[in-house]
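Colleague: My structure is below; once you've seen it, I'll send some questions.
The values are calculated or read from the model by the stated rules, or taken from the named source; none is laboratory data. All of these numbers come straight from a predicted model, not from anything done at the bench. All Cβ positions, glycine included, derive from the backbone under ideal geometry; neighbour counts span all protein chains shown.
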Amino acid sequence: MDSSTDYEALAALAELDGRKRNLDALAASLPEQTDERERQLVAHREECEALERRAEEGQRERRRLEAAVEDKTQQLNKYREQLDVVKTNKEYQSLLHEIEITKRAVSETEDKLLELLDSLERSQQDLAVRGRELETAETDFARANDDDRRRLEEVEVELLEVEAKRRRWFEKLSPPARGEYERLNEHYPGEAFTYAADGVCQGCFVNIPAKVVAELRAGGCVYRCESCGRLLLRVVEEHE
């Protein structure tokens, strides 16, 4: 390699490859974020729809109980009217028995109706809260999607710029360095470069000779890891 020219180009490519990797990851994550928000919004809508269905079922049950109370009350009134016209004590006692049974049925049905009305009131309150939350979620969803679309467009533009710069720096490499860089990119797509930390290659976690670490720390040299083959141009200290 022409050490000075190749080092400058490789250092630039290392930075650009890192930027491209980050941008690719961001571009991939944005649709995933949108999909996750969509799943959450769908779940929220389904929850509201379930609450609405339960409220509708509750209203149907309310109407049924109200009709039952009315029917039983009418029946009770008829029994009471019949008390004035019965001719025997046995018929009279039988009617009193039916009246008592019907009164208990009316009371029990009214109790159920009161419990249901209380439950319906709570359901309506809950549904109102959930409805407001859904409106907020839909607004937030639309806003976040718009932001993600804009960010994705920006990322795509940045990627084009990075690719253009990578091509320019690639052309500055000497033929041997260019060939080596291409081979590494085929083997480690987008990860031809790595760095040393704590005396270890961060690509394969194999120890690097202390002399090489010192040279890398001083700058201006390229080291190819004897284990994984990746190119190292720098040392990252613990505080970085």
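Colleague: Restricting to the stretch 1-42, name every residue that is among the polar types (S, T, N, Q) and either farther than 30 Å from Leu134 by Cα or buried (at least 17 other Cβ atoms within 10 Å of the Cβ) (or both).
Modeller: Ser3, Ser4, Thr5, Asn22
Colleague: Something else now. Step by step: first the residues of the stretch 206-240, then only those that are among the hydrophobic types (A, V, I, L, M, F, W, C) and part of a strand (DSSP E or B), then the one that is farthest from Ser4 (Cα to Cα). Which residue is that?
Modeller: Only one residue fits best here, namely Val235.
Colleague: Please work out if Ala137 is in contact (Cβ under 8 Å) with a residue 60 or more places away in the chain, surrounded by 13 or more Cβ atoms within 10 Å (Cβ to Cβ) and within 26 Å of Arg54 (Cβ to Cβ).
Modeller: yes
Colleague: Does Leu231 meet the test of being touching a strand residue (DSSP E or B) at 6+ places or on another chain (Cβ under 8 Å) and within 19 Å of Ala12 (Cβ to Cβ)?
Modeller: Spelling it out, Leu231 is indeed touching a strand residue (DSSP E or B) at 6+ places or on another chain (Cβ under 8 Å) and within 19 Å of Ala12 (Cβ to Cβ).
Colleague: Also, quick follow-up: Would you mind finding the one in Arg21, Arg64, Arg60 that is modelled with pLDDT under 95 and of a type outside the set (Gly, Ala, Ser)? Don't jump to the end; show me each part of the working.
Modeller: Working: Arg64 fails: modelled with pLDDT under 95; Arg60 fails: modelled with pLDDT under 95.
Exactly one residue qualifies, and that residue is Arg21.
Colleague: Now, a different point. Can Arg45 be described as under 28 Å from the mean Cα position of the chain (by Cα), assigned to a helix (DSSP H, G or I) and surrounded by 12 or more Cβ atoms within 10 Å (Cβ to Cβ)? Before the answer, list the steps.
Modeller: Working: under 28 Å from the mean Cα position of the chain (by Cα): yes; assigned to a helix (DSSP H, G or I): yes; surrounded by 12 or more Cβ atoms within 10 Å (Cβ to Cβ): yes.
In short, yes.
Residues are listed down the side, and each one gets a yes or a no for (1) more than 31 Å from the chain's Cα centre (by Cα); (2) surrounded by 13 or more Cβ atoms within 10 Å (Cβ to Cβ):
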residue: Val155; (1), (2): no, yes
residue: Tyr181; (1), (2): yes, yes
residue: Ala210; (1), (2): yes, no
residue: Val213; (1), (2): yes, yes
residue: Tyr223; (1), (2): yes, yes
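Colleague: OK, next. Being more than 23 Å from Arg60 (Cα to Cα), in contact (Cβ under 8 Å) with a residue 40 or more places away in the chain and surrounded by 11 or more Cβ atoms within 10 Å (Cβ to Cβ) is the requirement here; does Asp148 meet it? Working first, answer last.
Modeller: Values: more than 23 Å from Arg60 (Cα to Cα): yes; in contact (Cβ under 8 Å) with a residue 40 or more places away in the chain: yes; surrounded by 11 or more Cβ atoms within 10 Å (Cβ to Cβ): yes.
So Asp148 passes the test.
Colleague: Kindly establish whether Glu8 is over 30 Å from Pro176 (Cβ atoms), out of contact with any Ser or Thr (no Cβ under 6 Å at 6 or more places or on another chain) and either in a helix (DSSP H, G or I) or of a type in the set (A, V, I, L, M, F, W, C) (or both). Talk me through it step by step, then tell me what you get.
Modeller: Values: over 30 Å from Pro176 (Cβ atoms): no; out of contact with any Ser or Thr (no Cβ under 6 Å at 6 or more places or on another chain): yes; either in a helix (DSSP H, G or I) or of a type in the set (A, V, I, L, M, F, W, C) (or both): yes.
No; evaluated as a whole, the condition is false for this residue.
Colleague: Can you say whether Tyr79 is more than 30 Å from Ala142 (Cα to Cα), surrounded by fewer than 15 Cβ atoms within 10 Å (Cβ to Cβ) and modelled with pLDDT under 95, as far as the supplied structure shows?
Modeller: No; evaluated as a whole, the condition is false for this residue.
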